Structures are given as C-alpha cells and as structure tokens.
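Asks: Pasting a structure below so you can have a look.
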C-alpha cells in the first residue's frame, strides 16, 4: 500500500515538473519565433527559470478581495488542478496503479467537469472582466465538446473499444491519422479551443478583458490555475498521440518514441500561438456548429457503418 502511494506521488510530481519545463519550452519557442532569446539568465540557458517563477509566485502575498465570494474563489483553482491531474490517471505505464476499461468515458466525464473551475473562478471574483471571460469560456468549451466527443468516438469506433490501451494497440500496423487525416486536423483545432489556447484564448483576451477569468488571482492561486491549464495541454497532446499517432506497448524504445510524439504535438500548441492572431468570437462559434459538427458527425456515421459491414462479412 505504501509503495503504491509512493509511486502515485512520484507520478504526480513528475507531471508538475513536466508542466514547469513545458512553460520554459513555450517561452523559449515563442522567443525564437519572435526573433529574441527568451529566458537565458537563470542557471545554464535559463533551465532553472520555471523553478524561480514558481518560487516567486508561491512566496507572493495572497490577494484578499473584500467583494469576492471567499469559499468558491479559493476552491476554483484547486478544483481545476485536481480535475487536470485526474485525467492523467488514464496514462498507463509499468507503475500504473489502476487501469480503465472504459477510459474514453472517464475522459469525457472528467473533461466535461473542467469548465466548472473556470466558471466558478470568473463568478466568484465578482469582477466584470472575470465574469465575461468565464462566460466566454463556458460557451466555447461546451460548443467544442460536442465535436470533441464525435471525433473521439470516431477513433474508438475503428478499434471497437473504449479502452485507450486497446485503441493504441490497434494502430501497430497503421496509424489512425493515415485513415482520418481530416479528423486529426479537426481534433487539434478542437484541443486548442478546449484548452483556451491561442487563437481561441477568449477567456483570457488581454486586449479586451485585461486578463480574463483569472484577473483577480495572484500568487499561489494563479499558479494553480496556470498548472491546471498546462497540465491539460500536455494531456491533450498525449491523447492526440494515443488516438491518431499510435502509442505502442511498454517497451523502452516505443515509450521514448511515444513521448517524442507527445512533445511535438505540445510544441504545435506553442507554434500556433506564435503564428496566428486571435479569431473573432462569432467566427469561432460558426467554425464548430456549421463546419466541424456536420463533418465529424458524417465521418462517425461512415466509420460505424463501415465497421459494421466488415464485422458482418468476417462473421458470415
């Protein structure tokens, strides 16, 4: 029991460290995209910059808002981080404590709850900017979740399983991205919208909402929201690899290649942020309801019918 608990603690600490150094990758990547150096003063090549930033945030004085709703105001960052870390329970390794036979359903349920952290943070801050950012995030997340579910079910339909391990094992001969390249591109766009990343960062629109739903947060509370956002980005990169690029089994070389693919997909998030400007909000909603939703629904129906026909021919 103690050993299992120790492995769980080590796993979650590793996730938080990965998040910290992913922020360094983002700052360095954006720096070179914009023809500047990025952080390079702290330690060698700025490698200790994330640790210095985390120490600074957690040592700063906590905001004490007189007009905020105290309990939900302090609960929202913790809830967001807990839900982000719960998603990482789906990653399997030689030290995994539990396995999900219906991992896809667990992912859908947990990711649907993540919007509550943003909504509570914006409402409890009792600020017009924060409330407007939270309302934008809720409408955006709920709209794109429909397409997210359909694309996810299309990938699961090819392997006839809701187990992420079996979905990845089904791609040993060929990746799902070869058969469903349009769905892969749609999935990446939906992941950007679900994680509130540029060019869909309307919940944190600096030019309109100053800082959006987290404007009244500082020090440790802001750090928790920050960790939750980037943990979700890394998890969505891992899900992209599992669903479309094949995860393989638990061999050392295959695990190395798997995390190389995850790192590349995570860098795509940074690449897009440094390349595209923010969209208009009405174009964002039209994109999912008038374009992505019909296409993903038709592809899902085609996948289900093709799988049914193939299964029928094999059984007959």
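The values are calculated or read from the model by the stated rules, or taken from the named source; none is laboratory data. The shown structure was predicted, so the numbers you read here are calculated from the model rather than taken from an experiment. Because the Cβ atoms are built from the backbone with ideal geometry, glycine has one as well, and the counts that use them run over all protein chains shown.
Asks: Which ones in region 59-81 are in a helix (DSSP H, G or I) and touching a helix residue (DSSP H, G or I) at 6+ places or on another chain (Cβ under 6 Å)? Don't jump to the end; show me each part of the working.
Replies: Initial filter on region 59-81 (in a helix (DSSP H, G or I)): 59, 70-81.
Answer for region 59-81, where residues must be in a helix (DSSP H, G or I) and touching a helix residue (DSSP H, G or I) at 6+ places or on another chain (Cβ under 6 Å): 72, 73, 76, 77, 79, 80, 81.
Asks: A further question on this structure: Checking the condition surrounded by fewer than 18 Cβ atoms within 10 Å (Cβ to Cβ) and either assigned to a helix (DSSP H, G or I) or in contact (Cβ under 8 Å) with a residue 60 or more places away in the chain (or both), which residue from 135, 162 passes?
Replies: Just one listed residue meets the conditions, 135.
Asks: Further, regarding this structure: Name the single residue that is farthest from residue 125 (Cα to Cα) among those in region 72-84 being touching a residue at least 40 places away in the same chain (Cβ under 8 Å) and surrounded by fewer than 19 Cβ atoms within 10 Å (Cβ to Cβ).
Replies: Ranking the qualifying residues of region 72-84, first place goes to 78.
Residue-wise test of (1) surrounded by 12 or more Cβ atoms within 10 Å (Cβ to Cβ); (2) touching a helix residue (DSSP H, G or I) at 6+ places or on another chain (Cβ under 6 Å); (3) under 20 Å from residue 222 (Cβ atoms).
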| residue | (1), (2), (3) |
| --- | --- |
| 14 | no, no, no |
| 17 | yes, no, yes |
| 24 | yes, yes, yes |
| 30 | yes, yes, yes |
| 35 | no, no, no |
| 40 | yes, yes, no |
| 48 | yes, no, no |
| 51 | yes, no, yes |
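Asks: So residue 12 fits all but one of (1) modelled with pLDDT of 90 or more; (2) more than 20 Å from residue 213 (Cβ to Cβ); what number is the exception?
Replies: (1)
Asks: Next question, about the same structure. Which one of these is over 22 Å from residue 269 (Cβ atoms) and surrounded by fewer than 18 Cβ atoms within 10 Å (Cβ to Cβ): 172, 185?
Replies: Exactly one residue qualifies, and that residue is 172.
Asks: Checking the condition surrounded by 15 or more Cβ atoms within 10 Å (Cβ to Cβ) and either at pLDDT 85 or above or within 17 Å of residue 198 (Cα to Cα) (or both), which residue from 269, 276 passes? Write out each step before concluding.
Replies: On the way: 276 fails: surrounded by 15 or more Cβ atoms within 10 Å (Cβ to Cβ).
Within the list 269, 276, the selection yields 269.
Asks: So, one more: Given (1) in contact with a helix residue (DSSP H, G or I) (Cβ under 8 Å, 6 or more places away or on another chain); (2) within 30 Å of residue 290 (Cβ to Cβ); (3) in a helix (DSSP H, G or I), where does residue 85 come up short, assuming only one miss?
Replies: Checking residue 85 against (1) in contact with a helix residue (DSSP H, G or I) (Cβ under 8 Å, 6 or more places away or on another chain); (2) within 30 Å of residue 290 (Cβ to Cβ); (3) in a helix (DSSP H, G or I), the one that fails is (2).
Asks: Then there's this: Return yes when residue 61 is surrounded by fewer than 22 Cβ atoms within 10 Å (Cβ to Cβ) and under 23 Å from residue 293 (Cβ atoms) and no when it is not.
Replies: No.
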